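A short write-up of the structure that comes next.
What follows is calculated from the coordinates using simple rules that are stated; it is not laboratory data. It should be emphasised that the depicted structure is a prediction, and the values quoted were computed from it without experimental measurement. Every residue, glycine as well, gets a Cβ built from its backbone with ideal geometry; the counts of neighbours run over all protein chains shown.
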Amino acid sequence: MEKLMSLGEFIVDKQDDFKYAKGELSRLLSAIGLAARVVNREVNKAGLMKDILGDVGGKNVQGETQKKLDVYADEEFIRALKDRGEVCGLASEEKEGVIEFKSGYAVDGQYVVAIDPLDGSSNIDVNVSIGTIFSIYRRTSESGPATFDDFMQKGTEQVAAGYVIYGSSTMLVYTTGNGVNGFTLDPSIGAFFLSHPDMTIPKDGKIYSINEGNYVHFPTGVKQYLKYCQVEDAPTNRPYTSRYIGSAVADFHRNLIKGGIYIYPTTTASPNGKLRLLYEANPFAFLMEQAGGLATDGFGRILEIQPTSLHQRTPLFIGSENMVKKAMSLMEEHSPRS
Ligand code: AHG
Ligand code: MN
Ligand code: MN
């Protein structure tokens with residue numbers, strides 16, 4: 001029988017690959033695993049708890065309706081990472097500015113974390129997979145609580161990134177720049193175990209994932225790519241199949257395993273796309289490149305984009321190498337960047 005490897009054991013085993021102080025990043029990743037288990041507990045019983053489903057009644061900084069679970073997950077991740085000595089601050093989808101950790105050991109923390117505490121809000125109340133996405137950087141400021149500039153680093157500077165998917169089973173998938181590994185939660189003992197070692201995405205896929213309801217507002221290059229996906233062509237396995245959950249984490253996870261492309265382009269309503277660079281596109285891009293795929297904004301690498309604000313958005317074309325390249329070539333041909 002194969003040896004069971006827990007997330008904690010794996011992190012410690014691999015910490016020699018880390019560029020910086022080993023123990024710190026290990027402890028930080030373990031803290032994320034802990035918060036994920038706490039959030040998982042609430043997500044799992046959401047249907048039973050009248051006070052857990054539904055809207056808070058307010059809007060977040062993006063003007064989006066906040067669900068109770070959005071707020072709960074935000075609080076749990078902040079609680080898990082605060083005052084531990086590894087993290088000096090957070091950027092969260094649910095908070096407008098930098099969350100500065102001011103007290104105790106936190107001010108000496110060498111890391112900052114950008115987080116989407118609960119991804120897929122529209123799926124919370126209907127028992128469909130949701131997730132958490134995180135991105136970890138070394139701070140660039142010397143000391144004290146995290147600053148805005150600590151977060152204005154390109155995605156290439158990420159030291160770790162990952163997501164948790166609360167699905168038919170709960171998984172934590174992460175990279176520290178040496179491949180991608182996935183862990184599945186055994187709910188009976190409350191521990192994550194390595195279940196998907198060294199995840200790689202097929203170079204070609206058959207799945208395309210996009211909110212086609214926005215079709216009329218897509219750039220011509222995207223419309224042309226959709227036409228390409230839907231044409232009959234046996235040698236290239238077309239027509240492809242369309243799959244879209246509307247939880248980016250779940251769409252990403254499926255395509256990573258099976259091969260595919262996820263596109264959230266610019267639309268006339270969202271001229272910069274919908275997804276957020278710091279806590280959605282960048283961590284996905286780091287993971288995708290580590291798994292052998294590509295992540296672009298339709299023209300260039302996501303990881304090379306210089307951020308200028310915490311909640312900035314970007315178009316995203318991400319997935320199997322040959323599919324992303326094809327979509328990019330049609331963008332270049334029909335909707336060149338102005
Ligand atoms: P969040 O719930 O964190 O705000 O993210 C929602 C995002 C992403 O998860 C998903 O892929 C996308 O919004 C879906 O958008 P549409 O409903 O416009 O397709
Ligand atoms: Mn999200
Ligand atoms: Mn969210």
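Observations on the structure shown:
- Of Ser141, Ser26, Ser188, the residue with the greatest mean-square motion in the GNM of the chain, using alpha carbon springs below 10 Å, is Ser188.
- Cα gyration tensor category, rounded, prolate or oblate, for segment 27-137 with a/c compared to 1.5: prolate
- GluC sites (Glu not before Pro), loop per DSSP, at most 16 other Cβ atoms within 10 Å - longest free stretch of the chain: 233-338
- Taking the three principal axes of the alpha carbon atoms in the chain, the coordinate ranges are 59, 50, 46 Å, sorted in descending order.
- Here's the list of aspartates and glutamates a cross-link from Lys203 could span, going by alpha-carbon distance under 16 Å and ignoring same-chain residues fewer than 8 apart: Glu289, Glu321.
- Efficiency of FRET between Leu48 and Val216 - r from beta-carbon atoms, R0 41 angstrom, step 0.05: 0.50
- Considering only Ala35, Ala269, Ala327, the mean-square fluctuation computed in a Gaussian network model of the chain, springs between alpha carbons under 10 angstrom, is largest for Ala269.
- Calculated on the alpha-carbon coordinates, the convex hull of segment 7-196 measures out at 119 cubic angstrom per residue.
- If R0 is taken as 30 Å, the Cβ-Cβ distance between Ser168 and Glu232 corresponds to a FRET efficiency of 0.40.
- Checked against a 18 Å cut-off, the cross-linked pairs Lys45/Lys95; Lys206/Lys326; Lys227/Lys326; Lys59/Lys102; Lys67/Lys95; Lys14/Lys154 give Cα-Cα distances beyond that limit for Lys45/Lys95; Lys59/Lys102; Lys14/Lys154.
- Coil-residue chymotrypsin sites (Phe, Trp or Tyr not before Pro) of segment 1-96, DSSP, other Cβ within 10 Å capped at 15: Tyr20
- Full extension of the chain between Glu304 and Met5 yields a length gain of 104.2 nm, computed as 0.36 nm times the residue separation minus the alpha carbon distance.
- Extension reserve of the Thr268-Asp149 stretch, reckoned as 0.36 nm per residue once the Cα distance is removed: 39.8 nm
- Label separation (Lys59 vs Glu157): 3.2 nm, computed from points 7 Å beyond Cα along the C-beta direction.
- MRE, 222 nm, helices only [DSSP H, n ≥ 4, -39500 (n - 2.57), over the chain, to nearest 500]: -8500 deg cm²/dmol
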